[in-house]
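Undergrad: Below: one structure in C-alpha cells.
The values are calculated or read from the model by the stated rules, or taken from the named source; none is laboratory data. The shown structure was predicted, so the numbers you read here are calculated from the model rather than taken from an experiment. Here the Cβ positions follow ideal geometry from the backbone for every residue, glycine too, while neighbour counts run over all protein chains shown.
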Amino acid sequence: MRIKVDKKKCSGCHLCEMVCSLFHLGVINTEKSAIRIRKDDLDSSQNIPILCNQCKEMKCLNGEEVREGLEKKRFIWAIKRAEQCPFDALTVFGENAYHCDLCGGTPQCVKVCTPKALRIS
Amino acid sequence: MVLDRKIAFIDLRDGSIEITPLSLDLREKFLGGRGINMYLLSRYYSSSLDPFSPENPLIFGAGLLTGTLGFGSRINITAKSPESGHLGDSSMGGEFGAELVKAGLSHLVITGKSKNPVYLLIRNGEIEIRDAQKLKGLDTVETQKRIRIELGDEKVRVACIGVAGENLVRYAAIRSGMKNAAGRTGMGAVMGSKNLKAVAVRGTLDISISEPEKYLRYYLNTLKKLMETKWAQALGKLGTPLLFKYANAMGILSVRNNQLTTVGDRGHHLEAEALEPYSTGMLSCFACPAHCRHRFSIEKGRYKGTKGEGPEYASIGSFGTKLGNLDLENIIYAVELCNLYGLDTISTGSYIAWAMELYQRGIINQERTGLPLVWGDGESVIELIHLIANRKDFGNILAEGPFAKKVFGEASHDYLLEVKNFPIEMTDERLPKSFALGMATSTRGACHMRSRPSLDILGLPNEVLKRIYGGSVSNNFSSYSGKGRMVWWHELLNAVSDALGVCRFLTVFSSPHALQYRQFSRLISLSTGLNLGAKDLKTIGERIYTLERMMLIRDGFSRQEDTLPKRYFSEPVPEGPARGEVILREEFDKMLDEYYRLHGWDQNGVPKRTTLKRLDLIDENQG
Ligand code: SF4
Ligand code: SF4
C-alpha cells in the first residue's frame, strides 16, 4: 500500500498534516506530520503534498542493520534517514524525522482530503 | 492546551509588552475570537473615542477552535471604526489566525502610536517590535515577501496594510496572503494610524487536544456529513461566485447603486462559469475542507499578467453590477488592485457607486471629480482606485467614505445607501425581508455577515423552519412573517461561530444540515475539555450580541438607527423579478418589535436591565 498524490487537486488545507500528528501523537502540530504541504500563499503556484513513497528499495536505511518491515511501521525516525531519502520525502522537525507508517493500515490523511489529492493505491 | 493560549497587550508608544493568560471565566463567557474581542473593546469604547487616536485599541482575536480541526480557522480584528465612527470588526480567513495560535497566543491588544513605522514579530510566545521603515509604501503582497526575506523564513505568516492603510483611507483593509482580508470597517486605517505596517507570526507549538481519539472520530463523522450537503459541494466547485447567478435571477443585486436590482440575461458575463477560464485551481483556508477559493490568472488582453485569488461574489457585485460594469476582466483587475493597495473592495465599490449616482444626477460634475464617472466605465474605476489609495485629487474626498457627505452637501445624502453610517453592499434587500432586517440591525452597520438569514430562500417546508428556529417563520422570502425571529437566531449563531473561528459557509447559512450549536458543543468539549451545551452556547451568542449593542447605545443609537436607506422604503424596485418590492414601514416595525422582544431589548432597542443581568453584562455596561 502507498499513498498516491495528485498534486493538481491539493487545496492546501493542511488537514492531512493536522490529522497525521493528531493520530500518532495526540496533538495537532503540522510540523510533526509525515506528510507536509509545500504551499506558497503569495504565489499562484501549485500546492505540493510530500510524503514517503514506500519505495521497494529503501535507500533511507542504507548502512543500517535493521528489519525493513519493522521500520516501515515506525512513525518517528532518525534525521539521518531523512537525509538519505533521495526524494527528500520525510519531514524533519526538531530532533526527529517523521515517516509515513500508513497509520497501521488506515491512512487518516486520505479521509480528510476532500478534493481527493490523496488516494490509497 | 487550547485554553492555555495567551493574550498580549502591546503599547506602541513606549514599546511595552505584557503577555498574560486568558482567564477561564472569560473563555466560558465569550469563548474567543469576536466574543473576547468585544469584551476587550467594550473596556475602551466610548462615544468620544476617536478611531484614529492612539487610545483606540486594535484587537486581534483568534477563534477558540482556530488552529484545530474546527472547520475554518478564522481570526477577528476589532476596533472602533474610522469608516463608520462606530463599532468596527472584521473576520479574516487564510492561515494567519492558525499561525498565531501555533505561536501560543490567541489575542493581541495593540494601543498607542509608534513614532516610526514598525512591525510586530511573534515567534512561539515571544514578541518583538521591529523597524519597518523599509516597508513603507509597499503593496500588501510585497510587504509580506520582504518580511519573509528579512527573517529568512518562508513560513512566516503576515497580516499587513498597504498604501491605503498608511494613508488612512477610512476603509483600508488588513491583508494576509494573496486575498485574505479583514476588509470591512477600516481596520487597516486603524493599523496605519498606529504606524504599524504588519504583524508577522511563526508558531510551531503543539496544540494539545483533550480527548484526541474521540475527537478525531467525531471530526471525521461530522466532516463526512457536511461534505455530503449540496451546498458544500457546490461551494467547493464554484466558490462564492455561484451566489451571483441566484442574486441576479431573484432580483436582489445592487445594480447602479440599487437603482435596479438585476441585469437579466447579461448577468451570464459575471457568473461563476464565466470565471472558469481564468481559474488555475481551488484553494482552502487553513483547516477548511470546502476549498471555496479560486486562483486566477489573466493570460491575454489588456490585463494580461494579472494573477491572484478570487474574485468573490461580494467583489464581483461591488465592482460589477453596482457600477453598471459587466467587463469581468476589468472587475478582476480592479479587485486585485484593491487587494494590493489594501482597500476593502465592498466599501470602495460602494463609494464609487455613490459618486457615480451623484454624477448622473448632476449633484457633482467633472470639475469636482476630474474624470467622467459614467456607469460601466471600468477605466475610470481603475483610475479612481489609484486616486483613493493615494489620497489624490477626487480620491482624497472619496477616501473619507461616508464623511464625504460633508463635502458633497445635503443633496448627496440619500444617495449614499447606508445603515449606521456604513454602506450597503453588493445586494439589494427590498425583496427578501429577512435580509432587509438583518442589514438594519447589524451591529457593524449595513452588513450581510452579521446574520444573513438565507434559509427561507431554499423553499424548505414551514415545519422544517419552525424546528430550526423554535417558532414559526414563513418560507416565503418576501413575507415579513417570523423574519424578526430568523434574524435574531442567525445573529446569535454567527456571533458564536465568529467566537470559535468557524467559517460562516460551513454553518447553518445556506444549508439546514450544516454545523450549528450541537456540533460546536462536541468539538469544544472534545478538544478543550470545556463543557458547554447547545443552550450555553446560544446564551454566549446573546451575550456577545447584546454587548455589541451596548456599545452602539453608548454612541446614542436606538430604534431610530435600526433602519434602511430611504430608497428601500420609498422606491419600489422598478423592474425585473423583484419588481414592485419595497419595504413597508409598518411591517418593518413589526419585525423590529419581534426582534427586540427575542433579544430582551426594550421597544427602543435598548437592552433591558433584566437581560443584562441574565447575561452577566452589568459590569461591562458600566465600562
Ligand atoms: S498515511 Fe498516516 S502516517 Fe502516512 S501521511 Fe497519512 S496520516 Fe500520516
Ligand atoms: S488534505 Fe488533501 S487537499 Fe488538504 S492539504 Fe492535504 S493533500 Fe492537500
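Undergrad: Sort out which residues of segment B:11-52 are in contact with a Phe, Trp or Tyr (Cβ under 9 Å, 6 or more places away or on another chain), assigned to a helix (DSSP H, G or I) and of a type in the set (D, E, K, R), and write them in order of number.
TA: Matches in segment B:11-52: B:K29 only.
Undergrad: Failed condition for B:L373, given (1) crowded, with 21+ Cβ neighbours inside 10 Å; (2) assigned to a helix (DSSP H, G or I), with all others met?
TA: All conditions are met except number (2).
Undergrad: Let me ask you something else. Does B:L100 count as surrounded by fewer than 24 Cβ atoms within 10 Å (Cβ to Cβ) and in a helix (DSSP H, G or I)?
TA: In short, no.
Undergrad: For segment B:553-571, what are the residues that are surrounded by fewer than 22 Cβ atoms within 10 Å (Cβ to Cβ) and in a helix (DSSP H, G or I)?
TA: Hits for segment B:553-571 are B:I553, B:R554, B:R559, B:Q560, B:E561, B:K566, B:R567, B:F569, B:S570.
Undergrad: Count, please, the residues in segment A:15-30 that happen to be within 7 Å of another protein chain (Cβ to nearest Cβ) and within 13 Å of ligand 1 (Cβ to nearest atom).
TA: Looking only at that region, the number is 7.
Undergrad: Also, I was wondering about something else. What are the residue pairs meeting all of these: first residue in segment B:96-109, first residue within 10 Å of chain A (Cβ to nearest Cβ) and among the β-branched types (V, I, T), second residue part of a helix (DSSP H, G or I) and surrounded by 24 or more Cβ atoms within 10 Å (Cβ to Cβ), Cβ atoms under 9 Å, and 6 or more apart or on different chains?
TA: Once the first residue is within 10 Å of chain A (Cβ to nearest Cβ) and among the β-branched types (V, I, T) and sits in segment B:96-109, its partners that are part of a helix (DSSP H, G or I) and surrounded by 24 or more Cβ atoms within 10 Å (Cβ to Cβ) give B:V101/B:V2.
Undergrad: Okay, next question. Look through segment A:13-23, keep the residues that are more than 12 Å from ligand 2 (Cβ to nearest atom) and more than 12 Å from the chain's Cα centre (by Cα), and return whichever of them is nearest to B:K145 (Cα to Cα).
TA: Out of the qualifying residues, it is A:L22.
Undergrad: So, in segment B:376-401, how many residues would count as being assigned to a loop (DSSP other than H, G, I, E, B) and not polar (S, T, N, Q)?
TA: 6
Undergrad: If you take the residues in segment A:32-41 that are facing chain B (nearest Cβ under 8 Å) and over 11 Å from the mean Cα position of the chain (by Cα), which one is nearest to A:T91 (Cα to Cα)?
TA: Ranking the qualifying residues of segment A:32-41, first place goes to A:D40.
Undergrad: Could I ask something else about it? Restricting the search to segment B:464-517, which residues are hydrophobic (A, V, I, L, M, F, W, C), more than 24 Å from the chain's Cα centre (by Cα) and part of a loop (DSSP other than H, G, I, E, B)?
TA: Within segment B:464-517, B:V473 is the sole residue that qualifies.
Undergrad: Restricted to segment A:30-41, and to residues that are free of Cβ contacts under 8 Å to residues at least 60 places away in the same chain and surrounded by 19 or more Cβ atoms within 10 Å (Cβ to Cβ), which residue is farthest from ligand 2 (Cβ to nearest atom)?
TA: A:D41
Undergrad: For residues in segment B:126-140 being within 14 Å of chain A (Cβ to nearest Cβ) and in a loop (DSSP other than H, G, I, E, B), which is surrounded by the fewest Cβ atoms within 10 Å (Cβ to Cβ)?
TA: Going through the qualifying residues, I end up with B:D139.
Undergrad: Right, something else. Could you check segment A:42-51 and list, in sequence order, the residues that are buried (at least 19 other Cβ atoms within 10 Å of the Cβ) and more than 10 Å from chain B (Cβ to nearest Cβ)?
TA: Of everything in segment A:42-51, those that are buried (at least 19 other Cβ atoms within 10 Å of the Cβ) and more than 10 Å from chain B (Cβ to nearest Cβ) turn out to be A:P49, A:L51.
Undergrad: Any chance segment B:509-528 includes a residue that's under 19 Å from B:E425 (Cβ atoms), at pLDDT below 95 and crowded, with 17+ Cβ neighbours inside 10 Å?
TA: Within segment B:509-528, one or more residues are under 19 Å from B:E425 (Cβ atoms), at pLDDT below 95 and crowded, with 17+ Cβ neighbours inside 10 Å.
Undergrad: I would also like to ask the following. Need a quick list: strands (runs of 3 or more DSSP E) entirely within segment B:141-217 having at least 2 residues that are over 26 Å from B:L69 (Cβ atoms) and away from chain A (no Cβ under 14 Å).
TA: B:196-202
Undergrad: Would you confirm whether or not segment A:52-73 contains a residue that is under 17 Å from A:H24 (Cβ atoms) and buried (at least 20 other Cβ atoms within 10 Å of the Cβ)?
TA: yes
Undergrad: Going by what's in this entry, would B:Y278 be described as buried (at least 21 other Cβ atoms within 10 Å of the Cβ), among the aromatic types (F, W, Y) and in contact with a Ser or Thr (Cβ under 7 Å, 6 or more places away or on another chain)?
TA: In short, no.
Undergrad: Here's a follow-up. Mind checking which pairs have a first residue in segment A:109-121 that is closer than 18 Å to B:G239 by Cα and a second that is within 6 Å of ligand 2 (Cβ to nearest atom) and among the aliphatic types (A, V, I, L, M), Cβ under 9 Å, 6 or more apart or different chains?
TA: Pairs that qualify, where the first residue is closer than 18 Å to B:G239 by Cα and the partner is within 6 Å of ligand 2 (Cβ to nearest atom) and among the aliphatic types (A, V, I, L, M), are A:C113/A:L15; A:T114/A:L15.
Undergrad: With the requirement that a residue be aliphatic (A, V, I, L, M), in a loop (DSSP other than H, G, I, E, B) and touching a helix residue (DSSP H, G or I) at 6+ places or on another chain (Cβ under 7 Å), what does segment A:17-64 give you?
TA: Of everything in segment A:17-64, those that are aliphatic (A, V, I, L, M), in a loop (DSSP other than H, G, I, E, B) and touching a helix residue (DSSP H, G or I) at 6+ places or on another chain (Cβ under 7 Å) turn out to be A:A34, A:I35, A:L42, A:M58.
Undergrad: Right, B:S350: modelled with pLDDT of 95 or more and in contact with a strand residue (DSSP E or B) (Cβ under 9 Å, 6 or more places away or on another chain) or not?
TA: yes
Undergrad: Being away from ligand 1 (no atom under 11 Å from the Cβ) and within 12 Å of the chain's Cα centre (by Cα) narrows it down to one residue among A:V92, A:V66; which is it?
TA: None of the other options fit; the residue is A:V92.
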